[in-house]
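Heads up: the structure comes next, in structure tokens.
The values are calculated or read from the model by the stated rules, or taken from the named source; none is laboratory data. Computed from a predicted model, the values in this text were never measured in an experiment. Heads up, the Cβs are rebuilt from the backbone with ideal geometry, glycines too, and the neighbour counts pull from every protein chain shown. The area values use the complete protein model at the heavy-atom level, side chains included, leaving out ligands, DNA and RNA. Shrake-Rupley method; radii C 1.70, N 1.55, O 1.52, S 1.80 Å.
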Amino acid sequence: MHTSGKAIIETEQIPIKLWLKEDQMDDGALEQARNLANLPFAFKHIAIMPDTHQGYGMPIGAILATQGAIVPNAVGVDIGCGMCSLRTNLTEVETADLKAIMGIIRDTVPVGFNHHQTPQDEAWMPERKGDLPIVEQEYESALYQIGTLGGGNHFIEIQKGSDGYIWIMIHSGSRNVGFTVANHYDDIAKQLNTAAGEDVSQDLAYIPESSEHFELYWNEMNYCLEFALANRKLMMERAKSAFRHVLPEVEFADFINKPHNFAAVEEHFGETVIVHRKGATRARKGEWGMIPGSQGTRSFLVKGKGEAQSFESCAHGAGRIMSRAKARKTLDLKAEIKALKELGVLHAIRHRTDLDEAPGSYKDIDEVMRNQVNLVDVQIELQPLAVIKG
């Protein structure tokens with residue numbers, strides 16, 4: 001069944017509403033969506049975004065609303081992972097200046113598994129509120145991790161906007177502190193469900209509202225959300241410093257921040273529910289958001305339309321079309337490098353091991369955008385100029 005470009009699967013306990021055709025979903029993501037729709041506490045329907053692909057327990061690019069329970073794996077292991085963007089007053093940057101800026105960013109923002117050699121200023125760390133056992137345990141090491149990019153699909157990108165200005169965009173999350181919190185509470189959820197004799201998929205273990213661990217996870221998740229934002233802000237400061245060093249006249253404006261791995265208490269369809277967004281961006285009416293491409297394709301700054309059926313959400317990026325392992329095995333290294341060179345993008349694809357983040361491993365961002373015209377309005381299109389990948 002199709003309504004305004006969406007398919008609806010009605011074979012499970014609650015409907016699954018898709019912002020893409022059913023045959024465009026990989027089998028793993030489809031099975032995970034069915035599992036979500038059969039959770040006893042799932043509310044109304046499951047929403048699946050056009051960038052969806054298989055995740056751990058829950059598809060990435062999915063929205064699950066619940067009543068009386070929270071599912072750690074429906075938030076994900078990189079709690080608070082998200083995007084931020086900043087506009088410069090520059091309308092162009094010479095290639096030599098761009099290379100110099102990127103060099104300074106690489107020197108001041110550790111990537112991959114690297115951390116800072118010294119603890120960063122504690123003023124960057126979010127205030128600790130409430131009981132935070134795992135955050136307290138990880139706090140000292142987090143001082144070395146704040147302002148670091150991490151690996152995988154995290155990036156720092158310099159872009160040229162359709163508004164005529166140069167933009168900086170950063171994608172990163174809560175680093176090891178979020179990962180540790182996520183795994184700790186997923187383990188607890190599994191123990192709770194097993195002890196209660198609950199027959200729930202182990203990858204979708206949940207914490208009932210009646211458990212003391214519910215509030216603990218909630219406190220720690222929110223801390224990780226704030227830490228992820230602080231992490232992006234510190235990297236943005238380092239990027240701004242790099243620009244100022246090379247182009248002293250530069251000015252900055254219009255900072256936008258959006259997480260896409262989080263849970264929040266919201267009102268939907270007349271009920272108070274816990275909305276889990278995993279690889280999905282909130283898109284309330286008029287709310288700014290970012291939908292990045294894949295270092296060789298455009299990114300988009302958008303405003304939400306507040307579509308009720310998607311729980312006021314939209315996609316968070318292009319979405320993978322193949323696994324990292326498959327990308328490394330099947331993509332043509334020379335062809336991917338040639339394509340980026342022809343676009344004039346300063347990139348970091350050097351070896352076969354870099355192919356998991358090549359543009360060819362991602363869905364067509366234009367198709368992803370076409371599939372969600374009822375969710376967002378594009379405000380600014382951004383073309384990549386230079387990319388640092390984790």
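Structural remarks
- Reachable aspartates and glutamates, given that their alpha-carbon falls under 18 Å from the alpha-carbon of residue 389 and they are not under 8 places away in the same chain: 78, 107, 157, 237, 336, 354, 356, 357
- Residue-level accessible surface for residue 233, protein heavy atoms, 1.4 Å, Å²: 80 Å²
- Summed over the residues of the chain and divided among them, the accessible surface reaches 41 Å² per residue at a probe radius of 1.4 Å.
- Residue-normalised convex hull volume from the C-alpha trace of segment 316-355: 87 Å³ per residue.
- Sorting 241, 313 by accessible area puts them as 241, 313; the probe is 1.4 Å, largest comes first, and only protein heavy atoms count.
- Beyond 26 Å, the tail of the calculated P(r) for segment 1-120 holds 45 percent of the Cα pairs.
- Computed Kirkwood radius, in angstrom, where 1/r is averaged over Cα pairs of the chain: 21.3 Å
- Dipole of the chain computed with +1 at Lys/Arg Cβ and -1 at Asp/Glu Cβ about the Cα centre; of 387, 219, 206, farthest Cα towards the positive end is 387.
- Carbon/sulfur fraction of accessible area - segment 1-153, other protein chains in place, 1.4 Å, %: 48 percent
- Protection proxy ranking, peptides 70-79, 349-358, 326-335, average beta carbon neighbours within 10 Å, highest first: 70-79, 349-358, 326-335
- Here the 3J(HN,Hα) profile of segment 165-171, calculated from phi with Karplus coefficients 6.51, -1.76 and 1.60 at θ = phi - 60°, is 9, 7, 10, 10, 10, 10, 10 Hz, Gly and Pro shown as x.
- Reciprocal of mean inverse Cα separation for segment 155-228 (Kirkwood radius, Å): 14.8 Å
- Segment 371-390 and segment 197-242 have their alpha-carbon centroids 25 Å apart.
- Given 258/305; 21/44; 129/258; 160/258, the pairs whose alpha carbons are separated by over 18 Å: 21/44; 129/258; 160/258
- Across the accessible surface of segment 167-239, with the other protein chains kept in place and a 1.4 Å probe, carbon and sulfur atoms take up 46 percent.
- Dimensionless Rg ratio for segment 249-390, taking C-alpha atoms and the 2.2 N^0.38 Å reference: 1.18
- For the pair residue 122 and residue 330 in one chain, pulling the backbone fully straight at 0.36 nm per residue adds 70.4 nm over the alpha carbon distance.
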